[in-house]
Each structure stands twice: as structure tokens, then as C-alpha cells.
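So the structure is just underneath, and the comments pick up after that.
The values are calculated or read from the model by the stated rules, or taken from the named source; none is laboratory data. Computed from a predicted structure; not experimentally measured. For neighbour counting, all protein chains shown are included, and Cβ atoms are generated from backbone atoms with ideal geometry for every residue, glycine included. Protein only, heavy atoms only, side chains kept; ligands, DNA and RNA dropped before computing areas. Shrake-Rupley method; radii C 1.70, N 1.55, O 1.52, S 1.80 Å.
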Protein chains: 2
Amino acid sequence: MAKVKKAELDLSTEEKIKEAASIVFTKKGYGNARTRDIAEEAGINLALLNYYFRSKEKLFQIVMAERIEKLFGVLAPILNDASTTLDEKLEKITENYVDMLLEHPDLPIFVLSEIRSNPEQLANRVQAPKILKESAFVKQLMERRSDINPLHFIINLLGMNLFPFVAKPVLQPILGSEDFYRQMMVQRKKLIPVWMKLMLDHG
Amino acid sequence: MAKVKKAELDLSTEEKIKEAASIVFTKKGYGNARTRDIAEEAGINLALLNYYFRSKEKLFQIVMAERIEKLFGVLAPILNDASTTLDEKLEKITENYVDMLLEHPDLPIFVLSEIRSNPEQLANRVQAPKILKESAFVKQLMERRSDINPLHFIINLLGMNLFPFVAKPVLQPILGSEDFYRQMMVQRKKLIPVWMKLMLDHG
DNA sequence: AAATTATTTAATCAAATGATTAATTTCTGC
DNA sequence: GCAGAAATTAATCATTTGATTAAATAATTT
């Protein structure tokens, strides 16, 4: 055993490399990640990285597509669901994000910072924006508050959900223990929908 | 003229390099930035970078300290001011952030992503957290809402202010023009304090 | 103005890094 | 069990990249 990661046990070499790449890229970013770091993390020979994925860049593109999907993929089905109320959507989105981000706290900062350093190639890969304007969600928002651009509420919802994870390295020292940080994020699952409803119905 | 940046005109070589480094590091991140990029941006010979700053790493540390100060330095004086009301603080913080971030939109994602990729060295450089707990701001928050951890409100305030800039590359395509993006951010100067007050007084 | 110091430049170095190669081992189909 | 294919390895390559050097130029001092 020793250094072998649990999930790595029965994965194929290709999957091991992709897993390792995801870990290393997410932790350090593309520019700070070394193919040798990835090979070591995966426990494989460096040449295998190029054997299976041709290049660091190609491997990154594959990992990045998966990470973008993981971060924004949850949105589309919820936003487009005409059978749920606006309140239910707010609750679903929050619940999904908090649960997912507690498991992958550095996902948002990774995706957003990589998009920033390469916007022309990556920004258009995010699908959610494209469906947004025609979504049931936006329609419901406009019905409820016709005087405020619905994007404000979307920014607030995503901000309250994602920001505490984006800023985790700064917030953690304030909050003290990792455990207390988790506690607060769990509290927010109930609080964020309440706050969103307040903003929608007052002011 | 041509490619010469306006601010660069009468700066000393040392200042030109620091300015260029700030631009290049902020746009690409440490790992993707090349000392040759910085030299070119500054319009100076590559060797001068090492002549004035010893190394890329040292130059980065200097730039980073300034960027952290720019992003979080505005907080301490406002948070500690016992002479202003909580509502005034919310308005001041929001006004300061929106104005500053419209000029430096990629500042938050830069600082936060660099801290993520090197937390042990950078996270403790942020001063704001240290003074936070003893601040007038936190006291006022606890007075107003004793049943909710004041950090929730701080997260929401920073999230609503910083997140739209952190996520700018993703949001921009939805909003369309740069001009419309600016418009929305200006709107938020009035909206965010209103929303914060709502959260504090209801729910 | 001469001497000294500071700045700038072109050329070069050494290490890091992504990628390839050729040989070896393991697996698969027959 | 064997032949061919696939996977793996150690060694090496070529380029990039941060940094240095020695010479040239500019600024400052006396």
C-alpha cells in the first residue's frame, strides 16, 4: 500500500493518468504543473503520459472539459426544468453545489483561473450561459421580479454558493478548523435559499 | 508612441519592470508568465529584470504583496471604524470594491488562485482576517443578528462584490458587451447594500 | 574632463521540462 | 505455446527558460 491512492487501485493506466492529472492541475494550475508531477502522482512512467495522451496540452484539455462539466453541468437540467418552482430550483442548486464543493473545494478557483489565463479557448466551453436566457429559471425570475435584471440574482446565487470555496484559503484561517468550515458550509445549504427568497420578495 | 503604454512614459526602469510584472502575472499567473514576457511588456532587456530584482520569484513576491494589499487593504480601515454605522460600512465596502474592481477586474481571481497554488506561503499574508474578529464590523453584525454567525454575512458581502469579477470570463458572454457588464456592476453598488440589509433584518 | 559608478545590452549558460526513441516486458488471439 | 500487438521502461533529445557574464554605454562625482 503506502502511497497508493485508494481510487487508483484497479484503474487502467489511462484512467490513472487522467485522475492524477486532474489532481495536479487542479492543485497547481496548468502552468505550475509538471508532467513529471503527474506521472509521479499516477505512479507511472513519464513516457506513458505521452503514449496515452500525446501531450501535456491535450491531457489538460480533456481534464478541463471534465472539470467544466462538473462545475457547471449541474445547472442546465435544473434551470430548464419547467415542472419545478423557482424556490425549488434555488434549493436544488444550493444543495447540489454545497454538497459537491465540499468534496471538491478547489474546483471553482481552478476552472475560473484557467479560463482567465486562456479565455479565448476556454470561455466558450461553458454551456450553461447559452441556455440561460431561454431557461425556465430566468422566466420565473422575471415573473417574480420584473424590475431587476435576473442576472443579478444569478450572480448572487452563484456568488454565495461558489465564493466561500473560491476564497477558502483566505477564509480557512479565520474559521479555524476544517471541521468548522464544513459546518458553516452545511448551514448555508438552508440559509442561501432563504436569503435568495428575501432578495426576490423585498427591497 | 505605438506600443508604449501610457503610464510607462516617465517611469524608472525598476518601476517599469514592476508594472509590467504586475500586468503579466495578473493576466497569466506565475506559472504561465515568462520573464521574457515581462521584459517585453516593460520594453527592457531581459537581464535588467534580474539586475533589479534578482529573480522571477523575488519580483513575484513584491508584486504579490502589492496585489494582496490592493485587494484586501481597503477592508481594515472600514471594518475598524467605530464611528460609522453597520449600514454605512456595507455601503462603503461595496462602493470601494465595485469602483476598484471595474478598474482591475482580474485582481481577485489572480490573488485567490495564486494563494491556492501556494497557500502555505501566501495565505498568511492577508491581514484582514486577523483583525476581523475584534473589529467594530463584527461586533455590529453580532448585535444586529445574534442568531447567525457574522462570517456568513461577510462571505455574502464579499461574494456578491467579488464573485462577478472572479467569474467575469464566464459572465461576459451572457451579458454581451463590456459596456453592459459595467452597467450591471454599477447597479450593484446600490443593490448589494440593500440586499445585505434585507438579510440582516429578516429571515 | 577624467575617473568612478550605475545602467544597459548581446551573448551565453545550466537546469528544467515536454517529448521521443529504442529496447524490454506483458498481454492477447490463435 | 507462440507470434504479434500493446504496454512499459530507461535513456536521451531538443527546446524553453531563468539566470549570469563580460563588454559597452550613460550618468555621476570630483
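All C-alpha pair distances within region A:16-106, sorted into 5 Å bins from zero, spread as 2, 13, 21, 17, 12, 10, 9, 8, 5, 2, 0 percent across the bins. With the convex hull of its Cα atoms as the shape, the protein assembly as shown has an orientation-averaged projected area of 22.6 nm².
Only aspartates and glutamates eight or more places from B:LYS189 in sequence, or on another chain, were considered; those with a Cα closer than 19 Å are A:ASP147, B:ASP87, B:GLU88, B:GLU91, B:GLU95, B:ASP99, B:GLU103, B:ASP106, B:GLU178, B:ASP179. Rounded to whole Å, the principal axis extents of the Cα atoms in region B:19-169 read 57, 28, 26, largest first. Of the trypsin sites (Lys or Arg not before Pro) found in region A:129-203, the ones in coil according to DSSP and having at most 14 other Cβ atoms within 10 Å of their Cβ are A:LYS133.
Restriction of the trypsin sites (Lys or Arg not before Pro) in region A:70-103 to DSSP coil positions whose beta-carbon has at most 16 other beta-carbons within 10 angstrom yields no sites.
Burial of accessible area (probe 1.4 Å, heavy atoms of protein chains only) in region B:187-203, relative to its chain alone, reaches at least 40 Å² for B:ARG188, B:TRP195, B:LEU198, B:MET199. Label-point spacing for B:GLY43 across the identical copies (point 7 Å from Cα in the Cβ direction), in nm and ascending order: 5.6. Residue by residue along A:168-180, Cβ atoms of other protein chains within 10 Å of the local Cβ number 5 on average.
The mean sequence separation of alpha-carbon pairs under 8 Å and at least six residues apart, normalised by the residue count of chain B, gives a relative contact order of 22 percent.
Assuming charge only on the beta carbon of Lys and Arg (+1) and of Asp and Glu (-1), the dipole of the protein assembly as shown about its Cα centre is about 460 debye to the nearest 20. Helices assigned as whole DSSP H runs in chain B whose Cα atoms extend at least 20 Å along their own long axis and whose mean Kyte-Doolittle hydropathy is 0.5 or higher are found at B:150-166. Across region A:9-63, the mean sequence separation of Cα contacts (distance under 8 Å, 6 or more residues apart), normalised by length, yields a relative contact order of 38 percent. A 1.4 Å probe run over chain B, with the rest of the protein chains in place, finds 46 Å² accessible per residue.
Under the combined filter of DSSP loop state and at most 16 neighbouring Cβ atoms within 10 Å, region B:118-165 retains these GluC sites (Glu not before Pro): B:GLU134. Of the accessible area of the protein assembly as shown, with the probe set at 1.4 angstrom, what percent is carbon plus sulfur? Percent of accessible area from carbon and sulfur atoms in the protein assembly as shown: 53. Positive-end ranking of A:ASN32, A:ILE17, A:TYR52 along the dipole of region A:9-63, with charges on Cβ about the Cα centre, is headed by A:ASN32.
Within 10 Å of the Cβ of each residue in B:157-165, the mean number of Cβ atoms contributed by other protein chains is 6.
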